[in-house]
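The values are calculated or read from the model by the stated rules, or taken from the named source; none is laboratory data. Since this is a predicted model, take the numbers as computed values, not measurements. Positions of Cβ are generated from backbone atoms using ideal geometry, with glycine treated the same way; all protein chains shown enter the neighbour counts. Accessible surface areas use protein heavy atoms only, side chains included; no ligands, DNA or RNA. Shrake-Rupley method; radii C 1.70, N 1.55, O 1.52, S 1.80 Å.
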Amino acid sequence: MSGFVRELELRSGPSLRLLQRSGGVGCVVWDAALVLAKFLETGSFPLSRRAVLELGSGTGAVGIMAATLGADVTLTDLQELQELLAVNIDNNRHLVTGSVRAEVLKWGQDVSGFRPPPDYILMADCIYYEESLEPLLKTLRELTGPDTCVLCCYEQRTEGRNPEIERRYLELLQVDFELERVPLDQHDEQFRSEDIHILSIRRKTKNSPL
């Protein structure tokens, strides 16, 4: 498979090698994915021996990083991304200290094959299509358990309808989930931007205020 290899240096020294190719938004390592991947390395959320599922994996950058930190990771995306994910898993398998595999998951469809709920769900730049909001939220509701932590990283975009889509996403999300913004000073020292936000998301408990 041809394309361009993006390298992401690990704190331990070596680099992830992530193939990018033309063909759509899922084929590129976006800045939000880099920010979330490097945030995982800070250790703020322990990943060793934890079950991790990434939604909208694209190139797999975030999930593969989690696997280098000892997590047991399932990367998920559409069928057309599976070949790219397989290449990137193979290119970085020597750095994995947990486990990593890729599976097809289309938002809004059956998730019974992905139970029990994982410890973590990872998402990077998954909220730029308005028509995908409801299917994404349905999938999140069905995948999360009471102890699941969702880490969602997104770039705040000002052009077109992006601000409205972001506002709608956060509004819908807060129906069933509690959100906490990770302060910028807790992001990786180099891979951070005031336009890129990380949210820690958990299901509301029954006695949570509306």
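Would you check if Ser48 is hydroxyl-bearing (Ser, Thr, Tyr), open to solvent by 60 Å² or more (accessible area, probe 1.4 Å) and in contact (Cβ under 8 Å) with a residue 24 or more places away in the chain? Here the answer is yes, as Ser48 does meet what is asked. Looking across Gln190, Gln174, one residue alone is outside any strand (DSSP E or B), closer than 30 Å to Glu9 by Cβ and open to solvent by 90 Å² or more (accessible area, probe 1.4 Å). It is Gln190.
Being charged (D, E, K, R), free of Cβ contacts under 8 Å to residues at least 12 places away in the same chain, out of contact with any His (no Cβ under 8 Å at 6 or more places or on another chain) and within 22 Å of Ala32 (Cβ to Cβ) is not true of Glu166. Residues in the range 193-210 that are in contact (Cβ under 8 Å) with a residue 40 or more places away in the chain, open to solvent by less than 70 Å² (accessible area, probe 1.4 Å) and in a loop (DSSP other than H, G, I, E, B): Ser193 only.
In the range 87-120, of all residues being open to solvent by less than 60 Å² (accessible area, probe 1.4 Å) and small (Gly, Ala, Ser), the one that is nearest to the chain's Cα centre (by Cα) corresponds to Ala102. Looking at Gly56, Gly3, just one residue is in contact (Cβ under 8 Å) with a residue 12 or more places away in the chain, under 23 Å from Thr139 (Cα atoms), of a type in the set (Gly, Ala, Ser) and surrounded by 13 or more Cβ atoms within 10 Å (Cβ to Cβ), and that residue is Gly56. Applying the criterion of being of a type outside the set (A, V, I, L, M) and free of Cβ contacts under 8 Å to residues at least 24 places away in the same chain to the residues of the range 81-108, the residue that is farthest from Tyr154 (Cα to Cα) is His94. Of all residues in the range 177-187, those satisfying the criterion of being of a type outside the set (S, T, N, Q), surrounded by 11 or more Cβ atoms within 10 Å (Cβ to Cβ) and not in a strand (DSSP E or B) are Val182, Leu184, His187.
Of all the residues in the range 90-111, those that are over 19 Å from Glu41 (Cβ atoms) and either charged (D, E, K, R) or in a helix (DSSP H, G or I) (or both) number 5.
Sub-6 Å Cβ pairs linking a first residue in the range 180-191 that is closer than 20 Å to Arg202 by Cα to a second residue that is in a helix (DSSP H, G or I) and of a type outside the set (Val, Ile, Thr), at least 6 apart or interchain, are His187/Phe39, ordered by first then second residue.
So which of Leu75, Leu84 ends up being within 16 Å of Arg6 (Cα to Cα), crowded, with 24+ Cβ neighbours inside 10 Å and not aromatic (Phe, Trp, Tyr)?
Leu84
If we scan the range 121-129, do we find a residue that is assigned to a loop (DSSP other than H, G, I, E, B), modelled with pLDDT of 95 or more and under 14 Å from the mean Cα position of the chain (by Cα)? There is no residue in the range 121-129 that is assigned to a loop (DSSP other than H, G, I, E, B), modelled with pLDDT of 95 or more and under 14 Å from the mean Cα position of the chain (by Cα).
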